[in-house]
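First the structure, in the form of structure tokens, and then the observations on it.
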Amino acid sequence: MTPSRLQEIDMMRIGLVGYGTGGRHFHAPFIAAAEGVSLAGVVARAPKTIAQVEADLPGTPIYPSLTAMLAGGVDAVTITTPPNTRRELVLEAIAAGVPVIADKPFAPSASAGRDLDRAAKAKGVTLGVFHNRRFDADILTLRKVLQGGRLGRLWRLHSRMDLDDPHTLDAGPTGGLLRDLGSHLVDQALWLLGLAVSVHAQLDLIERPQGATDASFVLTLRHASGVHSHLSASKLNHLAVREWRAYGEGGSYVSSGTDVQAQAIFAGLRPAADLAGWGYETPERWGTLRTAEGVEPVPSEQGRYHDYYTAFAKAVRDGTAPPVTAEEAIQTLAVLDAARLSAAEDRVVAI
């Protein structure tokens, strides 16, 4: 697709490749809510998946492959198939000159991510990565607190995401929780605090028929800014906790919220039906700021995953960087690579 054609697009037609949990719950509803984009079709092959698309999205074109979808004509594609299938699909879209959004983790390693980034740059194609949790209500609220400066010089940040969700743990050495939730937590920490210079990791492993699988983790990152972050997650411990703790010279901020947007989606709600009211944490779940002036609740910012798609479409039209670049995602992958080495050798690994 030529730059002039991209600049002429008023409504970007996005093709969705894959309609599992990611495509159905974290992409299609937010494409529908975003400005300047529309859903042009879905790639689905299994009869059960096709039936689900027909039930959820009546009249939406269904394609048997990315090749068929590209031949039908789209302005951009989102690749949200299982991780082991993404590389070839991303490369196929790049070869066709079509802007691509790759779900996280968009590559199995930082090195593999660099290969995709080089391919996109060589073709002049916009490649973005769907780190949607930069648009969560809790991190946007925390970011506003940090930018407000009332914590003073920040010392450390704790991020915990425990899910009681054992059936979604992807087993085997190419799966595991580090690549799953770890992708989110590391990206969020880098987004808030800047580049990491080292990582120390502990992984809790379980045996599965597919092989040893990391089922929970604790990471300590040291950032170039001097701040250290502590990230942890689990899926098998029958806990459901999302918590942030920030400590600085001037005080602390603590929030223990819910996964507001995901819970609403799974309850059958859709952002397009109530954009103004979408994505806010309830007052009883607001975070608390503690300083010398006292204790005060901090109202929730609005969680807006659909902003990712609005920003991506604008970036393609304007020829600017997408909301999450491949380079940023590669930085996250580099931390994950170093974390796995750290856990295996029980040492701090420089990045």
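The numbers here are math on the coordinates, done by the rules we state, and not lab data. The model shown is predicted, which means the values in this text are computed figures rather than measured ones. Virtual Cβ from ideal backbone geometry, glycine too; neighbours counted across all protein chains shown.
Nearest 10 degrees, 0 to 90: what angle lies between the long axis of helix 110-123 and the longest principal axis of the chain (Cα atoms)?
Helix 110-123 and the main axis of the chain meet at about 40 degrees.
Which FRET efficiency value, to the nearest 0.05, do you get for W155 and D56 by plugging their Cβ-Cβ distance into 1/(1 + (r/R0)^6) with R0 = 56 Å?
Result of the calculation: an efficiency of 0.75.
Assuming R0 = 41 Å, what is the FRET efficiency of E345 and S65, from their Cβ-Cβ distance, to the nearest 0.05?
The pair E345/S65 has a calculated efficiency of 0.45.
On a 0 to 90° scale, report how tilted helix 306-318 is relative to the longest principal axis of the chain, with both axes built from alpha carbons and the result rounded to the nearest 10.
Here the helix axis deviates by roughly 60 degrees.
Using a cut-off of 14 Å between alpha-carbon atoms, which aspartates and glutamates can reach K235, once sequence neighbours fewer than 8 places away in the same chain are excluded?
Filter leaves D162, D164, D165, D170, D180, D204, D214.
Spelling out what I want: for every residue of the stretch 151-158, take phi, set θ = phi - 60°, compute 6.51 cos²θ - 1.76 cosθ + 1.60 (Karplus), and round to whole Hz; glycine and proline get x.
Karplus-based 3J(HN,Hα) across the stretch 151-158 equals 7, x, 5, 6, 9, 8, 9, 10 Hz.
In degrees between 0 and 90, to the nearest 10, how far off the longest principal axis of the chain does helix 177-193 point, with axes built from Cα atoms?
Computed tilt is about 70 degrees.
Could you give the length gained by full extension between E296 and A272, i.e. 0.36 nm per residue of separation minus their alpha carbon distance, to one decimal place?
5.4 nm
Which longest uninterrupted range of the chain lacks any GluC sites (Glu not before Pro) assigned by DSSP to a loop state (not H, G, I, E or B) and surrounded by at most 10 other Cβ atoms within 10 Å?
The longest uninterrupted stretch comes out as 1-248.
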